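Enquirer: My questions all concern the structure below.
The values are calculated or read from the model by the stated rules, or taken from the named source; none is laboratory data. Because the structure is a prediction, the values reported are computed rather than measured. Cβ coordinates were reconstructed from backbone atoms using ideal geometry, including for glycine residues, and neighbour counts include every protein chain displayed. Side chains included, ligands, DNA and RNA excluded: accessible areas come from the protein's heavy atoms. Shrake-Rupley method; radii C 1.70, N 1.55, O 1.52, S 1.80 Å.
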Amino acid sequence: MAFTSVIPPLLPKVDAILVLDGEGNRLAGKYYGDFLTSTTSSSSRAAMSTGDDSKPASANVTVEDLRASFERQLQAKIQGIAARSDAAEVVTVMGKTAVFCGGMAMGASPSGVGGDVRVVHVGPNTESELLLAYLCEGMYDALSNLMGGQTDRNMVLDNLELVFLLIDEHCDGGVILEVDGAKLSSSVLLRDDEDMVADAGAGESAPQGAAPSTTGMRGMGNGFGMQGGDISIAQAFRQAKQQLIAGLQADGM
Amino acid sequence: MADDLLKEVTDFFKDGEKDKKIEKSFANVNKASTLIAARDFHDSIKVKEDPSNCRRTLTQLLHLQQNAVEKLNHIEATEVFFGVTKLFFCKDSSLRRMVYVALKELYKLCDPSDVIIVTSCLTKDMTCNIDIYRANALRVLVRIIDSSMLSALERYVKQAIMHKSPLVASSALVSSLQLYQKSTENASIVKRWIGEVNEAMKSNDAMVQFHATELFYQIKENDRLAISKFVQKHSGVITNGSSSASRIKDRVRSPLAIICLIRYTSKLMHEEVMEGRVASDASIMNATEICAVGYRYFESCLRHEVDIVAFEAAKAICTLPTTSPEVVLPALSVLQLSLSSTKPASRLATVKLLCGLASLHPRLVSRFNEGLEALIGDPNRLIGTLSMMTLLKTGTENSLDRLLKSISNFLYQIAEEYKVMVVHSLERVCLTYPTKSRIVIGFLSKFLRDEGGFLFKKTIVKSIVSLIQKIPEDDVRDIALLYLCEFIEDCEFVNLSTEIIHLIGQYGPQASSPARYVRFVYNRCILEKSVIRASAISALTTFAIECPDLRHSILPLLKSCLTDEDDETRDRVVLALNLIGEDSTETNTDEKDYDAHDKQSEETSIVHVLTSKLPMSFDNLALSLKAYQKIPGAMEAIEPLSFDNLPIVEGPDEIESKGSGILEESPSNLLEDDNIKKLDPAAAVYAIPELASFGRVFKSCNPIPVTEAESEYVVTYIKHILDNFIILQFMVQNTIEDQRLENVSVALQTDSAAYEVVGEIEAKTISYGHSENCYTVLERNLQEPFEPFALAAELKFTVIQVDPETGEGEGDQDLLEEEYPLEDLEIFNSDFVAKTTVVDFRKAWESIGNTNEILQKFGLGDKTIQSATIAVVDCLGMQTCDGTGQIKPGSKQHMLHLSGTYLGGVKVLARCQIAGSKDVGTILKIAIRSESKEVSKQILESL
């Protein structure tokens, strides 16, 4: 009996991973296990009772309501706090530990480094805050990598596909798959070396190997998020911009 | 030239903006258009030409599923699902990735039978030579397949676990973990892969090691020996059995895996202590093999270069179940370091740990005081609050004044919930230093008058009230009541006002000069809202009844309220005047003597009803009444309902107040669930007409297993205790797929004379995976004295072989009569005792009298006070009162208050004093009082 309260979970799991914008809207996110899934569980009731008094906590409360209520409470605590990518901040919400990276400090100019998007990891309150912070920092690292350092709402929405893939690569059913930011971002961008070889090999052996649109990697240039599986459009823009500015400066001199 | 270029660039960016506009449409994608776009999935040419379009549609779908109000319904989801399966024909690898992600979302919304069709595509991907496909396909696959398909795929999963690519191996291990947790059939298959898992532990990849560790633990969770061997092997601590070469080879390097190992070790060590293998005087550092090796492992991890690991080890050491400070010492340097870390998470975790540690070792933690004081101003308010709480715990009586000063500044800066936490720790400080309670109560009341939310003020009021109750000093009570009186002078919360007025009514009459409070209460009668006026009248009434001297001055006050405009208030005044008016003729009788009242006229018994407390709490009363309704025939019974014939409801276990007392979910919600479940067992008995005729169930014990949790037939039983019978309810679960059990019963044999088997009810059929009840009834033979006895049990049933697919019997077959041995059932004395709470133990103890008191002294074999207390509570089966179930760590003796009700409604109380001594273990002095000598004896015998 006694040790259940002292010993952290023996199979470390996260309850939810959320990507929120500055106002606390969920851009992407995933809830795992039975956290906030049944409207009758005690955690859910706590959500409804303390969250929104205007709504009656009745049977027609949907899971989505619970989550929205949870996220509102979360946002109330984290807004205005900016956490550096290597120093995640911790709050507790409804008896859960929530660890987050990113965000904009109150009054900071929106043009600052990084962006207003926060990555939040929610875990049981017995879980080590340090461990959750480690996971969160890893994912935030990967996210800012993928977004070219610009983790604002628009950038993330534009590249939502990458974010979905990132969450999927980072965590499977609550169990952490990979934490390292660099590894995460390269596997989201399919930059697995062996895979490239295998893929290229498949491409050559295939009859229409010459047609670029059929062999995965090369087919991705047309528009959506990435170019050649490497950089996103925005990244390309920024690079172009920097080059141009450099060029202009050289010109002016 | 530069201008031209600049223009070009700006134009270019404008175009970019336009593109973005389109993409931003995520903010308002709608379901209909996305579903139309999803139809393109069926068009293989379109898919081939523009896979990125499909990816976008899939992303939109996922986005919708997460954020939109209108989610996909079952039919739409199924349609999209079939569309998505078509996308497998496209070779675009990033599209394929999105397909995997989408499938994981969609499968939940579709019928399992529909979902099955992707299995072949996924199996193909899983066996192809592209790692990223293999890994991802497997992760989707495990969510879809059932155990029969799993056995067909077993080979591939095993290969994947040992695959050289870390990605594939990790995915396979995590998938196995999911499989294991999904169903018991899957679990039994996954168990066979233990060899592969061990192989995966040798991987060089950190994540693979971590996942293999987790899976190993999951599989061997109940196998202590295997876990401890595993931990020892991979921890790299030198033991007698291992050579140094294997030590280095097997040591895990993954920080996450090490964290897991630390937690497993910690659990093993806790179990060593819980199960009494560690002597009370031995240090946990070297008490047993497991402890010694574990402790050394922790020490070595303290020096690990990754801070998470070092901290985890420090945490494990600090939470060891021991009281000796030298055990904790090595961890302190790590904590010192992480307390001043730049990472908020690290500071928070450290302060949280220190806060818990401070309850055990305030001295040790006080060396951190300097660092903690610096943290009070931390930008993360939770850290500040916890530091403050820790400082309060470590502070001495003298430093308290200084602390209070900084708290008052601090409290203005933090959020309400943190204020609540600080108030709670202030309350605890008072209990440690009762002499300071006057200062602290004054301090708290200052905040009552300041601005603040309801929760904060309510907490303060609660704390003050609990201090009044727990510190039985008159001046503390008087002062506290005065502060509360001042508070209600201008309290904006009606709830709080009425509560306080009620409290003043409750405690005021016992105060040294009750007259003081009457003025405050009467002021409320004139100035406040009707609700408050009404409660003030009630409070005045209690004053008038309990303090005869004041009666003459209160009567005019009450009379002046007769003209109140509110009905309720007026009613109460009239009632009060009638009560007091009748009563005032006999002013000199001792009003507190309720027993005397009962013998007097009927009017005074009304006074008694109105002023004395309920014999049980409201919650229990509600539960009890609900249980009463369920009893067949109870609602039609002629006899009037009274407290004595209400069924006894076991009170919820006292809420364990943890040392740190923070960050816990509000327990009331949890309790509610428990209580609802607790009522269920007896209802099962009432539902069966044959059993219902035996009468009312006095108590239903908790279910006890009589088989291993993993055996073919899982049996647990519940003892329902009735006045002259015991009904044993057996819950039998059939876990064999190709069998159906019929006519299931449990045969019992006993040599006890007090009870004999008089009947049984069979469970007709139990098909695979189901659980049914069968019952056996024992009748009490009143001639024989009762003694605890055991029953040999055997499960009897007829087996019918069935086809696992259809669940139908396979043609003609011989009916096999089978028997399956169960563990012995035991009936204890404690089964006849229901845990009931008493509102006021001291009063109950005195009122029950010592006519049937039995005193006895025992030497207990238990090594620690902790385990002795648990054992005593278990043995007696009674409810702990006044929070005495919680033992102060490190104390040399413990006072335990227990209450219960014996079969037939006989109240039993017990006071136990448990003292530890080095030579003989622990000594128990017990005093039992009850309404019957026989029962007292019976209870004593259960020890």
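Enquirer: I'd like the residue in segment A:122-163 that is hydroxyl-bearing (Ser, Thr, Tyr) and within 11 Å of chain B (Cβ to nearest Cβ) and, out of all such residues, is nearest to A:Gly181 (Cα to Cα).
Expert: Residue satisfying both the conditions and the ranking: A:Tyr134.
Enquirer: Hey, could you check segment A:42-79 for residues that are among the β-branched types (Val, Ile, Thr) and in a helix (DSSP H, G or I) and say which is modelled with the lowest pLDDT?
Expert: Here the residue is A:Thr50.
Enquirer: Of all the residues that make up segment B:115-133, how many are touching a residue at least 12 places away in the same chain (Cβ under 8 Å), open to solvent by 20 Å² or more (accessible area, probe 1.4 Å) and farther than 24 Å from B:Gly83 by Cβ?
Expert: Of the residues in that region, 1 qualify.
Enquirer: Would you point out which residue out of B:Ala790, B:Ala753 is closer than 30 Å to B:Met878 by Cα, assigned to a strand (DSSP E or B), touching a residue at least 24 places away in the same chain (Cβ under 8 Å) and open to solvent by 30 Å² or more (accessible area, probe 1.4 Å)?
Expert: B:Ala790
Enquirer: Considering (1) at pLDDT 80 or above; (2) facing another protein chain (nearest Cβ under 8 Å); (3) open to solvent by less than 30 Å² (accessible area, probe 1.4 Å), say which one B:Gly16 fails and leave the rest.
Expert: (1)
Enquirer: Taking the criterion of being farther than 22 Å from B:Pro689 by Cβ, open to solvent by 60 Å² or more (accessible area, probe 1.4 Å), of a type outside the set (A, V, I, L, M) and in a strand (DSSP E or B), would at least one residue in segment B:740-748 satisfy it?
Expert: Looking through segment B:740-748, none of the residues is farther than 22 Å from B:Pro689 by Cβ, open to solvent by 60 Å² or more (accessible area, probe 1.4 Å), of a type outside the set (A, V, I, L, M) and in a strand (DSSP E or B).
Enquirer: Continuing with the same structure: Based on this model, can you work out whether B:Ser183 counts as in contact (Cβ under 8 Å) with a residue 12 or more places away in the chain, out of contact with any helix residue (DSSP H, G or I) (no Cβ under 6 Å at 6 or more places or on another chain) and open to solvent by less than 40 Å² (accessible area, probe 1.4 Å)?
Expert: yes
Enquirer: Exactly one of these conditions fails for B:Ser338: (1) in contact with a Phe, Trp or Tyr (Cβ under 7 Å, 6 or more places away or on another chain); (2) at pLDDT 90 or above. Give me its number.
Expert: B:Ser338 satisfies every listed condition except (2).
Enquirer: Being open to solvent by less than 40 Å² (accessible area, probe 1.4 Å) and in a loop (DSSP other than H, G, I, E, B) is the filter here, so list the residues in segment B:497-512 that pass it.
Expert: Matches in segment B:497-512: B:Ala511 only.
Enquirer: Let me ask you something else. So B:Pro51 ticks every box in (1) surrounded by fewer than 23 Cβ atoms within 10 Å (Cβ to Cβ); (2) at pLDDT below 85 but one. Which box is left unticked?
Expert: (1)
Enquirer: Could you list, in sequence order, all residues of segment A:176-190 that are touching a residue at least 12 places away in the same chain (Cβ under 8 Å), open to solvent by 30 Å² or more (accessible area, probe 1.4 Å) and more than 9 Å from chain B (Cβ to nearest Cβ)?
Expert: Correct list: A:Ala182 only.
Enquirer: Shifting gears a bit: Exactly one of these conditions fails for B:Ser165: (1) within 34 Å of the chain's Cα centre (by Cα); (2) farther than 20 Å from A:Lys13 by Cα; (3) within 14 Å of chain A (Cβ to nearest Cβ). Give me its number.
Expert: Evaluating B:Ser165 over (1) within 34 Å of the chain's Cα centre (by Cα); (2) farther than 20 Å from A:Lys13 by Cα; (3) within 14 Å of chain A (Cβ to nearest Cβ) leaves (1) as the failure.
Enquirer: Here is a list of conditions, (1) at pLDDT below 80; (2) more than 10 Å from chain A (Cβ to nearest Cβ); (3) loosely packed, with under 12 Cβ neighbours inside 10 Å, and B:Ile36 meets all of them except one; can you say which number that is?
Expert: (1)
Enquirer: Taking segment B:415-451, which residues are buried (at least 19 other Cβ atoms within 10 Å of the Cβ) and among the polar types (S, T, N, Q)?
Expert: B:Ser425, B:Ser437, B:Ser445, listed by residue number.
Enquirer: Look at B:Pro681 and say whether it is open to solvent by 20 Å² or more (accessible area, probe 1.4 Å), modelled with pLDDT under 80, within 29 Å of B:Lys835 (Cβ to Cβ) and not charged (D, E, K, R).
Expert: So B:Pro681 passes the test.
Enquirer: When you scan segment A:69-87, how many residues do you find that are open to solvent by less than 40 Å² (accessible area, probe 1.4 Å) and facing another protein chain (nearest Cβ under 10 Å)?
Expert: Here the count works out to 2.
Enquirer: Okay, next question. On the basis of being of a type in the set (S, T, N, Q) and under 19 Å from B:Ala871 (Cα atoms), does B:Ser942 make the cut?
Expert: Judged against the criteria, B:Ser942 is a match.
Residue-wise test of (1) at pLDDT 80 or above; (2) part of a helix (DSSP H, G or I); (3) open to solvent by 80 Å² or more (accessible area, probe 1.4 Å).
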| residue | (1), (2), (3) |
| --- | --- |
| B:Cys485 | yes, yes, no |
| B:Ile488 | yes, yes, no |
| B:Glu492 | no, no, yes |
| B:Asn495 | yes, yes, yes |
| B:Tyr517 | yes, yes, no |
| B:Ile526 | no, yes, yes |
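Enquirer: Report yes if B:Leu728 is within 28 Å of B:Met878 (Cβ to Cβ), at pLDDT 80 or above and over 35 Å from the mean Cα position of the chain (by Cα), otherwise no.
Expert: Criteria not met by B:Leu728.
Enquirer: Going through B:Glu221, B:Glu214 one at a time, which residue ends up being among the charged types (D, E, K, R) and in a helix (DSSP H, G or I)?
Expert: After applying the criteria, what remains is B:Glu214.
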